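**Q** I'd like to ask you about the structure that follows.
The values are calculated or read from the model by the stated rules, or taken from the named source; none is laboratory data. Here the structure is a predicted model, which is why all the values come from computation and not from measurement. Here the Cβ positions follow ideal geometry from the backbone for every residue, glycine too, while neighbour counts run over all protein chains shown. Accessible surface areas use protein heavy atoms only, side chains included; no ligands, DNA or RNA. Shrake-Rupley method; radii C 1.70, N 1.55, O 1.52, S 1.80 Å.
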Amino acid sequence: MIPEEPGGIGQGRRAALAVLAFGVAALIIYGLFSSGFGRPRPAAGVAAVPVRTPPQAAPAVVSHDFWITYLPAGLARSGGGAIKPRGAWARFGSGDRYVEAQVEPAADWASYRRRDTVLDARATIVRGRPAVAGRHPNGGRLIVWLERAGTGAWIRVSESLGRELVAIAASVKGPVGD
């Protein structure tokens, strides 16, 4: 055994202090992550819409990097295709019920928001991103958001599926950030 240095602390005490410092650091890190520190917050005056978790089904593909994991029962793909240069759209319907989804290039939220007309628009949040929800000029309900930098998205549903709009938008998945 190595003799203790005069006026110093022993190895046991050093080990105890090291364990204590490690525990304090772990608690601080856990506290930061569980508090939501660094996560985007809704803008002032914008209420996040509560979303009920829909049953999961096979994803409905809109493009190679954008798909919907929840569609109301009874809808089948009835249209879609590519939009130049890198966008895509899809339509799922049955009778007078339909869901349309589109993903397209968008420089930033302000310019993308101005591109689409949303009647009775109200600010909201979709998957932690700013969005606008309202009525489409040609009928139905619409929600528009910036999916990620350079990519905008919108989903339109028939009036009969208006209550499903937020659940459908919340179920969107892509390879980045999901």
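**Q** Based on what the data block shows, is L165 closer than 24 Å to H64 by Cα and either in a helix (DSSP H, G or I) or open to solvent by 40 Å² or more (accessible area, probe 1.4 Å) (or both)?
**A** Yes, satisfied.
**Q** Conditions: (1) open to solvent by 60 Å² or more (accessible area, probe 1.4 Å); (2) over 21 Å from the mean Cα position of the chain (by Cα); (3) not small (G, A, S). H136 meets all but one. Number of the miss?
**A** Going through (1) open to solvent by 60 Å² or more (accessible area, probe 1.4 Å); (2) over 21 Å from the mean Cα position of the chain (by Cα); (3) not small (G, A, S) one by one, H136 breaks only (1).
**Q** So, restricting to strands (runs of 3 or more DSSP E) that lie completely within the range 8-86, which ones have at least 1 residues that are at pLDDT below 80 and either surrounded by fewer than 12 Cβ atoms within 10 Å (Cβ to Cβ) or of a type in the set (F, W, Y) (or both)?
**A** Passing ranges, in order: 76-83.
**Q** Output the residues belonging to the range 139-160 that are more than 22 Å from R86 (Cβ to Cβ), in a strand (DSSP E or B) and open to solvent by 10 Å² or more (accessible area, probe 1.4 Å). Let's see the steps before the verdict.
**A** Step one: of the range 139-160, the residues more than 22 Å from R86 (Cβ to Cβ) are 139-141, 157-160.
Those still in the list that are in a strand (DSSP E or B) too: 141, 157.
Scanning the range 139-160 gives a single hit, R141.
**Q** Considering only residues that are over 20 Å from A170 (Cα atoms) and part of a strand (DSSP E or B), look in the range 108-133 and name the one that is most open to solvent (accessible area, probe 1.4 Å).
**A** If we take residues in the range 108-133 being over 20 Å from A170 (Cα atoms) and part of a strand (DSSP E or B), then D120 is most open to solvent (accessible area, probe 1.4 Å).
**Q** Cβ contacts < 7 Å: first residue closer than 14 Å to P72 by Cβ, restricted to the range 145-174; second residue assigned to a helix (DSSP H, G or I) and of a type in the set (A, V, I, L, M), any location; separation 6+ or different chain. Result?
**A** Note: pairs meeting the criteria are I155/L165; I155/I168; I155/A169; V157/L165; V157/I168.
**Q** Also: Of the residues R129, R122, which is touching a residue at least 12 places away in the same chain (Cβ under 8 Å), more than 11 Å from W154 (Cβ to Cβ) and under 17 Å from the mean Cα position of the chain (by Cα)?
**A** The conditions single out R129.
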